[in-house]
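Comments concern the structure below.
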Amino acid sequence: MKDEIIFYTNPRSRGAIVHWMLEEVGCPYRVQVVPYGPPMKSPEYLAINPMGKVPALRHGAEVVTETAAICAYLADAFPEAGLAPPPPARGAYYRWLFFAAGCLDPALIHRSAGWEPTPEMQGRLGYGTLEQTLEALAGWLRGRRYIVNDRFSAADVYVASLLEFSMTFQLVPRRPEFEEYVGPLLARPARQRAQEQIQRMEVEPQTQGS
């Protein structure tokens, strides 16, 4: 797909996950840094994402928001990168990509905000408790190198990023299952390139290209 990719992000946001994904894909893209505050709520940016949040992606005429959705979209838009399993083998891929988005992420946000669900609320929340969520994920990752068999995928970009962030800020205990899974993935060259660009953006937050 030859259409230009514009990546709207902020160096201090979940955009770091998409940045890593873009480097794994290996396609050319242009970075548009969106500052927090009025610029993120401007009419121009709200036309991209009505929620006034980053990250967002424009690929030709397509606009995609929500971090997990962007990762899944890029894996499909650039199949030559091999970041999604073949369709018949995508059960675990979809399951854990959206488990992380629908259970792990909100559970982490609630814990960081100091809110704990009551027993009654646990039955109404998809994640139940953060502890239940972490136990389920740890059970799947135990002894695994990747989410799907022996193949690195977009699901690994998303899950490893959330775990790394949450362990760094002590929202999640450094369980052996998590550290053994996350450590090698953070050393991938694509992730290192993304981190270097993010560090430069924090110093010089201008439009960049790759």
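Residues checked against (1) assigned to a helix (DSSP H, G or I); (2) without any contact (Cβ under 8 Å) to a residue 24 or more places away in the chain; (3) over 30 Å from P35 (Cα atoms):
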| residue | (1), (2), (3) |
| --- | --- |
| G102 | yes, no, no |
| R124 | no, yes, yes |
| E177 | yes, no, yes |
| G183 | yes, yes, yes |
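In this structure, does A107 turn out to be assigned to a helix (DSSP H, G or I), crowded, with 17+ Cβ neighbours inside 10 Å and at pLDDT 95 or above?
yes
State whether one or more residues within the stretch 147-166 are in a loop (DSSP other than H, G, I, E, B) and surrounded by fewer than 17 Cβ atoms within 10 Å (Cβ to Cβ).
Within the stretch 147-166 (the criterion being in a loop (DSSP other than H, G, I, E, B) and surrounded by fewer than 17 Cβ atoms within 10 Å (Cβ to Cβ)), the answer is yes, since at least one residue qualifies.
Which strands (runs of 3 or more DSSP E) does the stretch 1-78 wholly contain that include 3 or more residues that are surrounded by 21 or more Cβ atoms within 10 Å (Cβ to Cβ)? Full working, then the answer.
On the way: elements: 5-9, 30-33, 56-59, 62-65.
Result: 5-9.
For the stretch 64-89, what are the residues that are closer than 17 Å to I147 by Cα, of a type outside the set (A, V, I, L, M, F, W, C) and in contact (Cβ under 8 Å) with a residue 24 or more places away in the chain?
Within the stretch 64-89, G82, P85 meet the criteria.
Given the criterion assigned by TED's automatic domain parsing to the domain that holds V159, closer than 21 Å to L163 by Cα, crowded, with 20+ Cβ neighbours inside 10 Å and touching a His at 6+ places or on another chain (Cβ under 9 Å), identify the matching residue among Y93, Y127. Show your work before the answer.
Values: Y93 fails: touching a His at 6+ places or on another chain (Cβ under 9 Å).
Sole residue among the options that is assigned by TED's automatic domain parsing to the domain that holds V159, closer than 21 Å to L163 by Cα, crowded, with 20+ Cβ neighbours inside 10 Å and touching a His at 6+ places or on another chain (Cβ under 9 Å): Y127.
Within the stretch 1-34, restricting attention to residues that are over 9 Å from P55 (Cβ atoms) and among the basic types (K, R), which residue is modelled with the highest pLDDT?
R30
L108 passes all but one of (1) touching a Phe, Trp or Tyr at 6+ places or on another chain (Cβ under 9 Å); (2) in the same structural domain as V148 (by TED's automatic domain parsing); (3) without any contact (Cβ under 8 Å) to a residue 40 or more places away in the chain; which number fails?
Only one criterion is unmet by L108, namely (3).
Could you pull out the residue among P50, P88 that is more than 18 Å from the chain's Cα centre (by Cα) and either within 28 Å of T133 (Cα to Cα) or not assigned by TED's automatic domain parsing to the domain that holds Q199 (or both)?
P88
The values are calculated or read from the model by the stated rules, or taken from the named source; none is laboratory data. Worth saying up front: this structure is predicted, and the values here are computed from it rather than measured. Please note: Cβ atoms are built from the backbone with ideal geometry, for glycine as well, and neighbour counts cover all protein chains shown.
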